[in-house]
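Participant: There's a structure below that I have some questions on.
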Amino acid sequence: MADYDLAVIGGGINGAGIARDAAGRGLRVLIVEQSDLASGTSSASTKLIHGGLRYLEHGAFKLVREALIEREVLLKLAPHIIAPLRFVLPPNPGMRSSFILRVGLFIYDHLGGRKILPATKTLDLTHHEVGVPLKRRYRFGFQYSDCAVDDARLVVLNAIGAAERGAVIRTRTRCVRAERTDTWRLVLNERGHRDVVTARVLVNAAGPWVGEVSETVVRTPGPSPIRLVKGSHIVVKKLFDHDNAYIFQNSDRRIVFAIPYQRDFTLIGTTDQDFKGDPASVGPSTEEINYLCDVSNEYFRKSITPLDVVWAYAGVRSLYDDGAAKPEDATRDYHFTLDQPEREAPLLTVYGGKITTYRRLAEDAMAKLAHFFAASAPWTAHAPLPGGDIILGDIEALIAQSRRKWPFLPEPMIRRLARAYGTRIEQVIGHVHSFEELGVCFGADLTAAEVRYLMANEWAQDVDDVLWRRSKLGLRFSPQERDALANFMADASKNKAAE
Ligand code: FAD
């Protein structure tokens, strides 16, 4: 008998989502991730759970409708890491007309799925706080709803959900060879140590590496046409004080978001550029950083330059190549191929997709494999993600309750922990009676207790896992604080290995 029913290559949102869904249907599941969970595209997104207003222009009504419906499904499943966000869209002369924008937003509001989120409004920007940071020429704007998500934590929560249903999650483990008979024989490399596992079905969810895995690991006949498109973001000290985001049009017809981020910052992105090369080495170019600063300066009174950028990141989408002329026009819909030669084990390959539609993608993946595994019903639409079982989804009530329980902890720390861990905040903090009992504080409000929790429960192995994917405290850490954390984690790993 094979070791696993289903093995997934790739610990991004799609791999983790498929693994959780499959494990919940009683299958024996393995994820192998060559680096850290969410180390690929799934931590480099714009961090929106959205229908994608822009895709209406391409007539992608089905995609937008499905994503709009999924927006509120996910909001209910993970109200700690997903939050409603209002977007302000100021019309700009010479770009899409107010009439077109109004029609687009009407469709966006009514296409389906909007039950909780408020509808679009027109705002007088000369008398509204969201108009204050903008240049005077923007006198009115539309305000509509979408949601923000902690993308990397969404991946980790899916991995936890999968593991709690029996899945095995192996990070820092690269699948270097997949040999097919009536089962798969996978050769894995975990930090130089090789081992072999077997699985009945293989899923290639390697995101931008999907083509490389097809060609060099699985060695199947050419994958579907793929288009790699790179997008970059910059983070600057906050440009405004309220909690709305902005969506700006640029003269090249692209749109750029400016989103309140991590309390003290503004996240600005994204660009769209065709990409060639190794997705692991992707980074924002000087040209892209300048572009994002220029668009920001077109709208905000406060001007920024590349010197104001405190953090920048880039990610690569692997899109199914539908032949669109421009990268921003290529379809964002997902696409599967199921390769199942007679008497040989099946291979499911995943292309494209959005963070927003990962749960639906996982359900569809399981439906594609339905003839192979005993029938099982979809279950994820009503099962909260770990920590998401918050009464009525009221995160503010959870924060208030946590403040009463741990009155000696600073309010911003409680807020951050409640948002990151939801109802599992208790497992992170435990039964302490003072801040000091949480152990050494490395910087910001990251304590030894939280780091130990992340290492024991969330596969955090090195400093970037903690500072950039399980949290975004990297924005607040000095190099010395980072070194101290790295030493602590190295010692903790050594002690664990010696046990
Ligand atoms: P990835 O997250 O890249 O995961 C693939 C994983 O496979 C990687 O972690 C990699 O290390 C691993 N891997 C590769 N080869 C191997 C191997 N041989 N062995 C083991 N592991 C391997 N979507 C939204 O809904 N909202 C947004 O706001 C949004 N913004 C975006 C902005 C940008 C700039 C980009 C690029 C995308 C955005 N998206 C957004 C889309 C979304 O981010 C992606 O669709 C999604 O993250 C893809 O996830 P994935 O799991 O397919 O790929």
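The values are calculated or read from the model by the stated rules, or taken from the named source; none is laboratory data. Please read all numbers here as calculations on a predicted model, not as lab measurements. Cβ placement follows ideal geometry from the backbone for every residue including glycine, while neighbour counts extend to all protein chains displayed. Note: accessible area is taken over every heavy atom of the protein model, side chains too, but ligands, DNA and RNA are not part of it. Shrake-Rupley method; radii C 1.70, N 1.55, O 1.52, S 1.80 Å.
Participant: So what's the back-of-envelope 222 nm ellipticity for the chain, counting only DSSP H runs of four-plus at -39500 (n - 2.57) apiece and dividing by all residues, rounded to 500?
Facilitator: That comes out to -8500 deg cm²/dmol.
Participant: Charges only on Cβ, +1 for Lys and Arg, -1 for Asp and Glu: so what's the dipole of segment 59-129 about the Cα centre, in debye to the nearest 20?
Facilitator: Details: 10 positive and 6 negative charges, 36 e Å.
Dipole magnitude for segment 59-129 comes out near 180 debye.
Participant: How would you classify segment 81-229 from its alpha-carbon gyration tensor, with a ≥ b ≥ c the square roots of the eigenvalues: rounded for a/c under 1.5, else prolate if a/b is greater than b/c, otherwise oblate? All intermediate terms of the calculation are to be shown ahead of the outcome.
Facilitator: On the way: a/c = 3.17, a/b = 2.52, b/c = 1.25.
Verdict is prolate for segment 81-229.
Participant: To continue, here is another question. Heavy atoms of the protein only, probe of 1.4 Å, neighbouring chains included. What is the accessible area of R359 in Å², nearest 10?
Facilitator: Spelled out: R359, probe radius 1.4 Å, area about 10 Å².
Participant: If you don't mind, another one. In debye, nearest 20, what is the charge dipole magnitude of the chain about its Cα centre with +1 on Lys and Arg Cβ and -1 on Asp and Glu Cβ, if you could check?
Facilitator: Values: 64 positive and 61 negative charges, 184 e Å.
In total the dipole reaches around 880 debye.
Participant: A further question on this structure: Do the alpha carbons of any pairs in K115/K354; K115/K368; K472/K494; K238/K326; K62/K115 sit beyond 23 Å of each other, and which pairs?
Facilitator: Values: K115/K354 21 Å; K115/K368 30 Å; K472/K494 25 Å; K238/K326 32 Å; K62/K115 18 Å.
From K115/K354; K115/K368; K472/K494; K238/K326; K62/K115, over 23 Å: K115/K368; K472/K494; K238/K326.
Participant: Going by amide H atoms built from the backbone, whose H comes under 5 Å of the H on A245, apart from near neighbours?
Facilitator: Residues meeting the criterion, in which the H sits 1.01 Å from N, are R86, F87, V88.
Participant: Any chance you could check the Cα centroid distance between segment 265-306 and segment 390-458 for me, in angstrom?
Facilitator: A separation of 34 Å, based on Cα centres.
Participant: Right, something else. Specify whether the C-alpha gyration tensor of segment 398-499 places it in the rounded, prolate or oblate class, a ≥ b ≥ c being the square roots of the eigenvalues: rounded for a/c under 1.5, otherwise prolate if a/b is larger than b/c and oblate if not. All intermediate terms of the calculation are to be shown ahead of the outcome.
Facilitator: Working: a/c = 1.77, a/b = 1.50, b/c = 1.18.
Prolate shape, in that a/c is at least 1.5 and a/b is the bigger ratio.
Participant: Right, something else. Find the accessible area per residue for the chain; the probe is 1.4 Å, ligands and nucleic acids are left out, and the unit is Å².
Facilitator: Working: 20860 Å² over 499 residues.
So the chain comes to 42 Å² accessible per residue, rounded to a whole number.
Participant: Sorting check: for 481-487, 419-425, 345-351, which peptide has the highest mean count of neighbouring beta carbons within 10 Å, and how do the rest follow? Could the numbers behind the result be given before it?
Facilitator: Values: 481-487: 16.4, 419-425: 21.7, 345-351: 23.4.
Per-residue Cβ counts within 10 Å, averaged per peptide and sorted highest first, yield 345-351, 419-425, 481-487.
Participant: Does segment 242-387 come out rounded, prolate or oblate, given a ≥ b ≥ c as the square roots of the eigenvalues of its C-alpha gyration tensor, rounded meaning a/c under 1.5 and, failing that, prolate meaning a/b above b/c? Can you show the working numbers first?
Facilitator: Numbers: a/c = 2.80, a/b = 1.88, b/c = 1.49.
In terms of gyration-tensor shape, prolate.
Participant: What part of the accessible area of the chain, given as a whole %, is carbon or sulfur when the probe is 1.4 angstrom?
Facilitator: Carbon and sulfur together cover 52 percent of it.
Participant: Which residue, I390, P346, G207, has the largest displacement toward the positive end of the dipole of the chain when charges sit on each Cβ (Lys, Arg +1; Asp, Glu -1)?
Facilitator: The residue sitting farthest along the positive end of the dipole is I390.
Participant: Just how much of L134 is accessible, in Å², when a 1.4 Å probe is used and the result is rounded to the nearest 10?
Facilitator: Roughly 0 Å² of L134 is accessible to a 1.4 Å probe.
Participant: May I pose another question? Got a sec? Charge dipole of segment 454-499, +1 on Cβ for Lys and Arg, -1 for Asp and Glu; which of L454, A490, W468 is way out at the positive end?
Facilitator: W468
Participant: For a protection proxy built on the mean count of beta-carbon atoms within 10 angstrom, sort 396-402, 75-81, 14-20, 171-177 highest first, please. Write out the running numbers ahead of the final one.
Facilitator: On the way: 396-402: 16.1, 75-81: 23.6, 14-20: 30.9, 171-177: 18.7.
Put in order of decreasing packing, that is 14-20, 75-81, 171-177, 396-402.
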